[in-house]
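For reference, the structure is listed below as structure tokens.
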Amino acid sequence: WVGDLMGVLVVAPPLLCLRKPTRPRRWSEALLLAGLTTVLVAAIFFLPKVSLTAKHAATFLLFPMSAWAALRFGARGAAATTLAITTAAIAGTAYGQGPFSTGMLTDDLLVLQLFIAVTSVTGMLLAAASDERRQAVEKLQLMATTVRGVHDGVLITEVTGPGTLRAVFANEALCRLLGRRLEELVGQDPASFYGDLTPELRERSRQVLLAGEPLRAEVPLRHKDGGTVWSELLLSPVRATGDDITHYVATHRDITATKELQARLVAAERVAAVGTLAAGVGHEINNPLAYLVLNLEAASRSLTDGSLAGVRDALSGVRGALEGAERIRLIVRDLQVFSRQGDQERGQVDLNALVPPAVRIVSHALRHRARVVEEFGPVPRVLGSEARLGQVLLNLLVNALQAIPEGSPTLNEVRVRTSTDASGRARVDVVDTGAGIPAHVLPRIFEPFFTTKSQGEGTGLGLAICQQIVRAHGGELEVRSEPGHGSVFSVLLPAAPVVQQVSPVVRPVAREPLPASRSRRARVLVVDDEPRLAQSMRLLLEPYHDIVTTTRGSEALALVAAGHRFDIILCDLQMPETDGATVYRRLCAMAPGQAERVVFISGGAYTAESRAFMDSVANRVLEKPVRPELLMSTVDEALADGPALDEQEPIAAVAGGSRH
């Protein structure tokens with residue numbers, strides 16, 4: 001039975017290999033192996049002149065031949081070599097030659113069979129290990145080739161400690177995404193590849209790494225040239241050995257173009273929402289504008305009388321005009337909140353203060369459909385963008401407006417309610433008594449471009465963008481609705497961290513003007529492309545200061561270049577040709593001391609460049625329309641902060657500028 005077993009071990013593998021015959025790839029190495037094996041078996045089993053001791057020693061040289069065949073040629077090489085060595089050993093022993101022919105038949109057979117068993121088993125085990133390793137290498141090479149060729153960026157990191165990683169591999173797509181070479185990425189902490197992450201995402205990432213869970217998020221990547229590339233990140237843990245996580249695989253898909261398109265869609269939807277209310281807003285402006293004009297006309301007629309009663313009537317008319325102008329100012333300010341473009345810097349937002357302007361904008365359009373109720377409760381401040389959250393409120397109010405038909409304002413109601421939920425989150429509910437949402441439609445209302453409104457009433461983006469904005473602030477947008485009984489949209493936002501000490505605000509606040517006797521007389525340059533506005537500021541300041549006005553930034557620069565110096569430069573930010581930012585930059589180059597004395601007056605930063613400029617300078621910025629007391633107090637504060645200038649010659653008119 002031992003002989004039969006040895007026959008199976010020796011003969012079965014070659015027979016199995018013959019089912020799929022293949023030629024060896026390394027012919028020269030195969031011939032060398034066959035030649036050396038032939039020489040050894042001939043010397044050991046067929047040469048009678050070789051001593052028995054030498055034959056025993058030479059037998060051990062056959063094991064390297066078997067290992068060579070197994071490691072280099074796999075199972076086929078091991079099977080062929082084992083068959084050749086076994087055949088030679090049996091033939092030599094049968095002819096009375098070789099180390100297994102000592103005259104003791106039983107012992108010789110046992111030793112021969114043991115030799116055959118060790119040779120065949122060793123060869124086959126080594127061949128199996130070699131084939132397994134070869135297949136693993138082929139799979140690894142295939143995976144590496146695949147990873148290198150995919151269009152998405154792939155980053156493989158190893159875990160070096162709790163919550164800490166080290167990059168070990170990055171494909172070419174990720175290198176292109178970051179603008180870096182592979183050598184610059186391997187060995188680095190992957191956190192250095194990312195841009196400014198929100199505190200919520202940082203904390204979430206830390207918790208995911210500690211828990212060993214997957215993560216999907218949109219993250220900014222820091223390009224080598226300093227730019228930002230937005231990427232959709234999918235982070236997956238890898239358990240290479242046992243239950244411990246040894247590596248993480250991160251895939252990055254470039255979504256920069258998608259983010260830019262989303263920003264444009266958000267801006268377009270914001271404009272669409274405000275445009276929906278344009279007629280009502282125009283009516284709200286026309287009412288105070290009408291009595292402003294009428295009061296000014298009445299004041300003008302009263303002043304022509306020259307009597308004391310006429311002066312009193314004129315003063316009363318001016319007060320009415322001021323009231324109308326103040327109402328227009330508030331309406332314009334509300335519109336500015338909801339029409340800002342681009343991402344605004346995040347700060348603490350008071351939702352109770354954000355609701356009234358949104359309600360005021362829609363109030364005229366709603367008054368023919370429903371009554372509006374504002375219900376304010378204690379609500380924590382939230383961390384976010386005032387413009388974006390204002391857009392959410394405005395869109396929800398417009399949605400409520402469109403859900404209620406015209407004609408029965410006393411029977412319908414739109415209620416805006418603020419409160420704090422059980423978990424401490426800020427909550428804003430927009431409740432309407434409109435038609436409600438059918439049950440089969442409710443699951444789809446947040447899908448982009450899905451709408452049940454008639455053509456021309458909606459884009460299908462409003463609620464989708466609202467949900468996107470709320471989620472970007474770490475919150476949730478929920479809806480409850482019953483057909484025929486109205487809907488409730490609830491915005492839930494996490495409370496902002498409590499700040500123990502608030503930094504002082506750089507922007508000036510309105511306060512009572514300083515008495516004229518406490519403010520020294522100064523030289524003030526007014527630069528504004530609106531001549532009547534420049535004249536108004538001149539009339540306000542002229543009793544206390546020497547005023548020079550100009551309508552062009554280039555004329556202001558010409559005055560400074562000519563050697564004239566001013567205690568204060570009141571400069572409009574938005575002007576044709578040479579704007580306020582250009583004036584400031586050129587003053588920094590030619591007269592830095594004058595650049596520090598600039599006070600900007602802005603009608604609204606409408607472009608990203610102007611907003612970035614306002615954020616980058618420490619100079620005061622006043623928003624139009626500027627209240628007279630605020631302008632006076634700002635001038636007095638600026639004079640108190642800066643030293644007085646030396647006496648200079650009076651300034652003559654230069655290229656359209658005028659001295660007063």
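The values are calculated or read from the model by the stated rules, or taken from the named source; none is laboratory data. Note that this is a predicted model, so its numbers are computed, not measured. Note that we place each Cβ from the backbone using ideal geometry, even for glycine, and neighbour counts take in every protein chain shown.
General observations
- Flag if residue 221 is touching a residue at least 40 places away in the same chain (Cβ under 8 Å) and either closer than 17 Å to residue 152 by Cα or not in a loop (DSSP other than H, G, I, E, B) (or both): yes
- Residue in the range 542-562 that is in a helix (DSSP H, G or I), of a type in the set (Ser, Thr, Tyr) and at pLDDT 90 or above present: yes
- Reported count of residues in the range 582-596, each being β-branched (Val, Ile, Thr) and either out of contact with any strand residue (DSSP E or B) (no Cβ under 8 Å at 6 or more places or on another chain) or surrounded by fewer than 17 Cβ atoms within 10 Å (Cβ to Cβ) (or both), is 1.
- Considering only residues in the range 214-233 that are touching a Pro at 6+ places or on another chain (Cβ under 7 Å) and exposed (fewer than 15 other Cβ atoms within 10 Å of the Cβ), the one that is nearest to residue 259 (Cα to Cα) turns out to be 228.
- Of the candidates 423, 419, 408, the single residue that is surrounded by fewer than 21 Cβ atoms within 10 Å (Cβ to Cβ), assigned to a strand (DSSP E or B) and among the small types (Gly, Ala, Ser) is 419.
- Qualifying residue in the range 378-393 (condition: β-branched (Val, Ile, Thr) and in a helix (DSSP H, G or I)): yes
- Taken residue by residue, the range 373-382 has at least one member that is surrounded by fewer than 19 Cβ atoms within 10 Å (Cβ to Cβ) and either under 22 Å from residue 200 (Cβ atoms) or within 30 Å of the chain's Cα centre (by Cα) (or both).
This table checks each residue for (1) acidic (Asp, Glu); (2) closer than 20 Å to residue 591 by Cα; (3) at pLDDT below 85.
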residue	(1), (2), (3)
623	yes, no, yes
632	no, no, no
647	yes, yes, yes
659	no, no, yes
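- Given (1) closer than 14 Å to residue 231 by Cα; (2) touching a residue at least 60 places away in the same chain (Cβ under 8 Å), index of the condition residue 196 fails: (2)
- Considering each residue of the range 195-204 in turn, none proves to be in contact with a Leu (Cβ under 9 Å, 6 or more places away or on another chain) and among the hydrophobic types (A, V, I, L, M, F, W, C).
- The sole residue among 464, 439, 435 that is modelled with pLDDT under 90, of a type in the set (A, V, I, L, M, F, W, C), touching an Asp or Glu at 6+ places or on another chain (Cβ under 8 Å) and assigned by TED's automatic domain parsing to the domain that holds residue 356 is 464.
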